[in-house]
Amino acid sequence: MLKGMSVAEIRDLNLDVHDIQIHQQRITEGVKNRDDLFIPVEDTCRLENGGILPPRYLHQIHRDKAQGFAAFVPAAGAASRYFKPLMDLRQALEEGDQEKIEAQHRSLRQQDASSWPLPLHLTQFITQERCPRISAEEAKDIITEIDLPKALLPCWKDGPTFLQMKQQEHEKIHGIMAEYYVAPLEQSGLFAEHLAGKTPEDAHPLYFLEQGEQLSTLRFRPDGMPYRTPEGKLSIVPAGHGMLVKLFQDVRQKTPTAHSLFIRNIDNVNGWSREVQDETELFLVQHQMVLATVRRIRQSLHSDDLTTAAQLADELLQNMVNPRPIPTGSWLKELERPWLPLWKLLVQGFHCPESHALRMRRNHQDKRALKELYDRPVNTLGQVPNSGKDIGGTPVFAHTKDGEVSICLELPHVSAVDRKRFLEDPTKATHFNPVFVAAEIPEHSRAYDLENCPFWILAEKTMHGEPVVYHEIVLYEVIGNSLTANVLYPEISRKLFHPHKTLLDGVKPMS
């Protein structure tokens, strides 16, 4: 039941009533029990324990090229972190304070900012030896550039923008049949215009989706009641990039022959060397092979052909390099064919929690339980080796109310104790969270219904001096956990990881 608001109000904002009900309930409970929002880590996924697979994780790989992928690039974010060195300049320009503008001009020139990859007006401003007087119109132009989504900024000085670079990279990768870029609200036209005239005539189709109201939620007060503006209106806020799963069905409708998304961040710049192409296509081909077998297993299960389903499961598990071992005393060891290989593939190959699998068997019996579990999307999340200095999210075996779950865990869900014990130890956090993702496009939107995915973050902010909280989900936790999906965590080469997180990352062009 909604509290403090009406269904009509929510629908007027183009929000999902079902989602908002879950958000409000979770927030009310989460504020009271904040410690429950941490997800206890039992161990990290590593090559040695079968949690992470080697880059070539199939013994036998078909020579078929990748096909049927739609590139999907989250590109809606403003570049606030990227443009952090320019925030003081932005404030000075907004205030129209010429003295502060001149001080920022001197400071930026001392930092050699003229070598940074900046848009036109910023470059013109910084390259002048003496600070010019800035008119209100000129200040507006520079502020507009600082506020641009990173997608529309240069990768390096005098180089292509991140959006142009991604499009060029996709043109070189076999198997991509369409490209989808998620733009900020009401900016899809700007994105399309940005690539106009720069795309080859025979290029695959480009689509621009928007991170609109349907990917948002409401701000709440800490007591769980909705926050209202001074005018008495509900307050809308983005609900995290995990909500991008709601756009997957748009891809299915526009590109119905695509079987999977190839998801990459807009700021991970790889180029198109032969080595990069080969490793990218190895990643895609292996996902394609696994998915093809799972789809045949699904078909056999739904046709009640258990013998064929079991044979396919057995062959796929045998083809996997170093899958997870079966724990001592596992109930799996008591099974016989055809059930044994089907359950082993789920647990050993796809990280299905044994406790969850056992509960499904008790509730539905083997046949129905297997159908439901194999119907979950197949998602491959490439993990980058830790250099020894990287600290961030990592795939882990976590403890939840549903038992042990494998998940690409993000930092807000990790307690201080577990950060020190696991994530800050490079011998345990041997890899960090995905740079490449191949995610099957589910047939139904309910595949990622919030009720099926209990992993969420309590975001805490202030609004007009009042504390507010809201429900946020993270994309790789939503599609990268073994309750929601059939997941694989293969290692990918660090050569495929070239993120531009600050302006200095783009000072030198790619070699």
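Summary of computed values
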read-out	value
Estimated FRET transfer efficiency (residue 296, residue 103; beta-carbon r; R0 60 Å; 0.05)	0.35
Hits among lysines - C-alpha to C-alpha of residue 157 under 30 Å, sequence gap 8 or more where chains match	84, 100, 140, 166, 172, 198, 389, 495, 501, 508
Loop-resident sites, segment 282-391, for trypsin sites (Lys or Arg not before Pro), counting at most 11 other Cβ within 10 Å (DSSP)	389
Estimated distance in nm for a label pair at residue 402 and residue 318, the labels positioned 7 Å out from Cα along Cα-to-Cβ	3.1
Fraction of alpha-carbon pairs over 46 Å apart in the chain - percent	15
Kirkwood-based shape ratio for segment 117-261, expressed as Rg/Rh from alpha carbons	1.07
Prolate/oblate/rounded call for segment 56-190, Cα gyration tensor, a/c under 1.5 rounded	prolate
Cβ-Cβ FRET estimate between residue 61 and residue 130, R0 fixed at 56 Å, reported to 0.05	0.35
Total formal charge among the other residues, if their Cβ is under 15 angstrom from that of residue 292, Lys/Arg +1 and Asp/Glu -1	+2
Exposure proxy order (Cβ contacts within 10 Å, fewest to most) of 409, 488, 122	122, 488, 409
Over segment 330-462: Kirkwood hydrodynamic radius from C-alpha pairwise inverse distances, Å	16.9
Segment 122-194: trypsin sites (Lys or Arg not before Pro) in DSSP loop, at most 11 other beta carbons within 10 Å	130, 133
Calculated log₁₀ intensity ratio I(q)/I(0) where the Debye formula runs over C-alpha points of segment 84-147, q = 0.19, 0.21, 0.25 Å⁻¹	-0.61, -0.76, -1.15
Inter-site label distance for residue 25 and residue 304 at 7 Å from Cα along Cβ, in nm	3.6
Global geometry of segment 116-163, whether rounded, prolate or oblate, following the gyration tensor of its Cα atoms and the 1.5 cut on a/c	oblate
Cross-link reach list, lysines versus residue 32, counting only Cα pairs under 27 Å and skipping chain neighbours closer than eight places	3, 233, 401, 420, 461
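Rule-based calculations on the coordinates, nothing more; no lab input. Just so we're clear, the structure is a prediction, and the values are computed from it rather than from any experiment. Positions of Cβ are backbone-derived with ideal geometry, glycine not excepted, and every protein chain shown enters the neighbour counts.
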